[in-house]
Amino acid sequence: MPRRIEQLNEQLKYELANLIVREAPLNGGLITVSHVECSPDLKYARVGVSILPEKYAGTALASLRKHSRAFSQSLRRKLSIRQIPRFNWALDTTESRAAEIEEVFKRIKEEGNN
């Protein structure tokens, strides 16, 4: 991946995280931007978000989709790039899967000690 796109991914990740905290907070929950992957033509960006507790995932994704246009407008004013990519929000379940795997290893270790 070209360095320019990597830099834009990181900048968008940082800026979107700040915008979410200010403009689309999740009452009783937490939304974390885990990654941003822009397409080579910079027309689209896949934004991975982690949502805790997971029961709010549907509500949070709907809110993020609803706020996408406002996020784009804010980023257009703040960043000096020609085109703000269109955001495709996706739930990142890496953390929950890692916790499940860790729990399985813990049970295997406990069974091995007995």
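What follows draws every value from the coordinates through simple rules; no lab data is involved. Quick caveat: nothing in here was measured; it's all calculated off a predicted structure. Counting neighbours? That spans all protein chains shown, and the Cβs are built from the backbone with ideal geometry, glycine included.
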- Task: Give segment 72-87 a look and list any residue that's touching a Phe, Trp or Tyr at 6+ places or on another chain (Cβ under 6 Å) and not in a loop (DSSP other than H, G, I, E, B), or say none.
- Result: R86
- Message: Here's a check for you: in segment 88-114, which residue that is in a helix (DSSP H, G or I) and in contact with a Ser or Thr (Cβ under 9 Å, 6 or more places away or on another chain) is nearest to A45 (Cα to Cα)?
- Response: T94
- Task: Write out, first by first residue and then by second, each pair whose Cβ atoms fall under 7 Å of each other, whose residues are 6+ apart or on separate chains, and whose first residue, in segment 1-26, is within 13 Å of L64 (Cα to Cα) while the second is among the aromatic types (F, W, Y).
- Result: L16/F71; L19/F71; L26/Y56
- Query: Could you say whether any residue in segment 27-50 is loosely packed, with under 14 Cβ neighbours inside 10 Å, among the polar types (S, T, N, Q) and touching a Pro at 6+ places or on another chain (Cβ under 8 Å)?
  - Reply: yes
- Query: In segment 1-37, what residues are not in a helix (DSSP H, G or I) and not hydrophobic (A, V, I, L, M, F, W, C)?
  - Reply: P2, P25, N27, G28, G29, T32, S34, H35, E37
- Kindly indicate whether L42 is touching a residue at least 40 places away in the same chain (Cβ under 8 Å), assigned to a helix (DSSP H, G or I) and of a type in the set (A, V, I, L, M). no
- Task: Return yes or no: is A98 exposed (fewer than 12 other Cβ atoms within 10 Å of the Cβ) and within 14 Å of the chain's Cα centre (by Cα)?
- Result: no
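Report whether or not S72 is touching a strand residue (DSSP E or B) at 6+ places or on another chain (Cβ under 8 Å), surrounded by 14 or more Cβ atoms within 10 Å (Cβ to Cβ) and small (G, A, S).
yes
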